[in-house]
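**Student:** Encoded as structure tokens, here's the structure I'll be asking about.
The values are calculated or read from the model by the stated rules, or taken from the named source; none is laboratory data. Because the structure is predicted, anything quoted here is derived from the model rather than measured. Neighbour counts are summed over all protein chains in view; Cβ atoms, including those assigned to glycine, are modelled from backbone coordinates with ideal geometry. Remember, those area values only see protein heavy atoms, side chains included, never the ligands or the DNA or RNA. Shrake-Rupley method; radii C 1.70, N 1.55, O 1.52, S 1.80 Å.
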Amino acid sequence: MPTRSAYSATKAGVHGMMRTWALELGPDGITVNTVAPGPILTDNFWGIVDKGSEREKRIGEQLPVRRLGTSEDVTRAVQFFADPAAGFVTGQVLFVCGGGSLGGLSL
């Protein structure tokens, strides 16, 4: 896929920075986490996969949950991290990917 190298390098950088900030800012009561979305129905996704195409349908069918994600799915994950009740969670990556991070997805 085009831009895969740049994508993986920046994702690794974000995860590394998040973990470092969690260590550095934790003593001040600041938690740092990240959300790692999978295939989410957004303009960015449709910039790679044609909207309404067979490829779009096939990707959703390959996920364990058998559907593509929505912006609302990602929003709920961010809301969890933003909730003061999640104050004991830091340095974590929450994959909002319908199980795609488990493997088996071929774009």
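**Student:** Order the following by accessible area, largest value first: 57, 51, 11. Probe radius 1.4 Å; ligands, DNA and RNA are ignored.
**Tutor:** Of 57, 51, 11, the descending order of accessible area is 51, 57, 11.
**Student:** Still on this structure, I have one more. Calculate, axis by axis, the spread of Cα positions in the range 1-43 along the three principal axes, and write the results as whole Å, longest axis first.
**Tutor:** 41, 22, 12
**Student:** Explain nothing, just the number: relative contact order of the range 16-77, from Cα pairs under 8 Å at least 6 residues apart, as a whole percent.
**Tutor:** Worked out over the range 16-77, it gives 30 percent.
**Student:** In addition: If 14, 32 are ordered by their accessible area, calculated over protein heavy atoms with a 1.4 Å probe, which sequence runs from highest to lowest? List each step's numbers first, then the result.
**Tutor:** Working: 14 75, 32 20 Å².
Putting 14, 32 in descending order of accessible area: 14, 32.
**Student:** Sticking with this structure for a sec: Just reorder 41, 68 by solvent-accessible area, largest first, 1.4 Å probe, all chains present.
**Tutor:** 41, 68
**Student:** Taking a probe of 1.4 angstrom, what is the accessible area of residue 10 in Å², to the nearest 10?
**Tutor:** 90 Å²
**Student:** Separate question: Provide the FRET efficiency to the nearest 0.05 for the residue 54-residue 20 pair, computing r from the beta carbons and using R0 = 41 Å.
**Tutor:** 0.45
**Student:** Starting from the Cα coordinates of the chain, work out the convex hull volume and express it per residue in Å³.
**Tutor:** Each residue corresponds to 108 Å³ of Cα convex hull volume.
**Student:** How much accessible area per residue does the chain have, in Å², with a 1.4 Å probe?
**Tutor:** Accessible area per residue: 68 Å².
**Student:** Give me the percent relative contact order of the chain, please, defined on Cα pairs under 8 angstrom at least 6 residues apart. Mind showing how you got there, number by number?
**Tutor:** Working: 119 pairs, mean separation 39.3, N = 107.
Relative contact order for the chain comes out at 37 percent.
**Student:** Further question: So who's got an amide H within less than 5 Å of the one on residue 95, skipping anything under 5 residues away but keeping other chains? H placed 1.01 Å off N, in plane.
**Tutor:** 36
**Student:** Between residue 89 and residue 12, with labels modelled 7 Å along Cα→Cβ, what's the label distance in nm to one decimal, could you check?
**Tutor:** 2.7 nm
**Student:** Cβ under 12 Å from residue 95's Cβ, residue 95 left aside: what net charge do those residues give with Lys, Arg +1 and Asp, Glu -1?
**Tutor:** Value of the local net charge: 0.
**Student:** GluC sites (Glu not before Pro), restricted to the range 1-97: which are DSSP loop and have at most 16 other Cβ atoms within 10 Å?
**Tutor:** none
**Student:** Still on this structure, I have one more. Per-residue HN-Hα couplings for the range 57-70, Karplus 6.51 cos²θ - 1.76 cosθ + 1.60 at θ = phi - 60°, whole Hz, x for Gly and Pro?
**Tutor:** 4, 4, 4, x, 5, 7, 6, x, 8, 6, 7, 7, x, 10
**Student:** Could you give the dipole magnitude of the chain about its Cα centre, charging the beta-carbon of Lys and Arg +1 and that of Asp and Glu -1, in debye to the nearest 20?
**Tutor:** In total the dipole reaches around 360 debye.
**Student:** First compute the accessible area of the range 1-85 with a 1.4 Å probe, then give the percent of it belonging to carbon and sulfur atoms. Display every interim value, and only then the final one.
**Tutor:** On the way: 3390 of 5920 Å².
Solvent-exposed carbon and sulfur of the range 1-85 make up 57 percent of the total.
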